[in-house]
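S.K.: Following this message is one structure expressed as structure tokens.
Where a number appears in this text, it was derived from the coordinates with a stated rule and is not lab data. Just so you know, these numbers come straight off a predicted model, no measurement behind them. For neighbour counting, all protein chains shown are included, and Cβ atoms are generated from backbone atoms with ideal geometry for every residue, glycine included.
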Amino acid sequence: MTEICPKCGLPKELCVCDVLDKETETKIKIYRKKAKYNKVMTVVEGIAPNSLADTTKELKRLLACGGTYKDNHIELQGDHREATKKLLVNLGYKDTGIDVE
């Protein structure tokens, strides 16, 4: 039996909740911070918690870097601020809602 989406009630194959979540006006903040041993990390905040794992996996794959997600934000190893913004736009997030510092 197919799984049913708890939000919209449609089968998972027909569900468009993820696309609608990306298209809504969310504020995504991308910034850089120093980690242990003067290493640089790129932090992405504002991604919906239900798509955090998939977005992290896709960004790590496309940027060829390590990283993790925790406490409702994504941490990527290295300074990838501009590339992350371009990739998020390609993944379906609105360009106007992404702020790079």
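S.K.: With each pseudo-label sitting 7 Å past Cα toward Cβ, what's the Lys86-Lys33 distance in nm, one decimal?
M.R.: Placing both labels 7 Å along Cα→Cβ, they lie 2.6 nm apart.
S.K.: Given Cβ point charges of +1 (Lys, Arg) and -1 (Asp, Glu) and nothing else, what value in debye, to the nearest 20, does the dipole of region 25-100 about its Cα centre take? Don't jump to the answer; show the numbers that get you there.
M.R.: Values: 15 positive and 10 negative charges, 68 e Å.
So the dipole magnitude of region 25-100 works out to roughly 320 debye.
S.K.: Net charge within 12 Å of Arg81 by Cβ-Cβ distance, Lys/Arg positive one each and Asp/Glu negative one each, not counting Arg81 itself? Before the final figure, lay out each step's value.
M.R.: On the way: positive: Lys29, Arg32, Lys33, Lys85, Lys86; negative: Asp79, Glu82, Asp99, Glu101.
Combined, the nearby Lys, Arg, Asp and Glu give +1.
S.K.: Unpartnered cysteines of the chain (Cβ-Cβ under 4.7 Å counts as a partner)?
M.R.: For the chain, the answer is Cys8, Cys17, Cys65, because their Cβ atoms have no other cysteine Cβ under 4.7 Å.
S.K.: Considering the Cα trace of the chain, what is its radius of gyration and what is Dmax, both in angstroms?
M.R.: Here Rg and the maximum Cα pair distance are 14.8, 51 Å.
S.K.: Read phi for every residue in region 68-84 and hand back ³J(HN,Hα) as whole Hz from Karplus 6.51 cos²θ - 1.76 cosθ + 1.60, θ = phi - 60°, with x for Gly and Pro.
M.R.: Karplus-based 3J(HN,Hα) across region 68-84 equals 7, 10, 6, 6, 6, 8, 10, 10, 10, 6, x, 9, 10, 4, 5, 5, 5 Hz.
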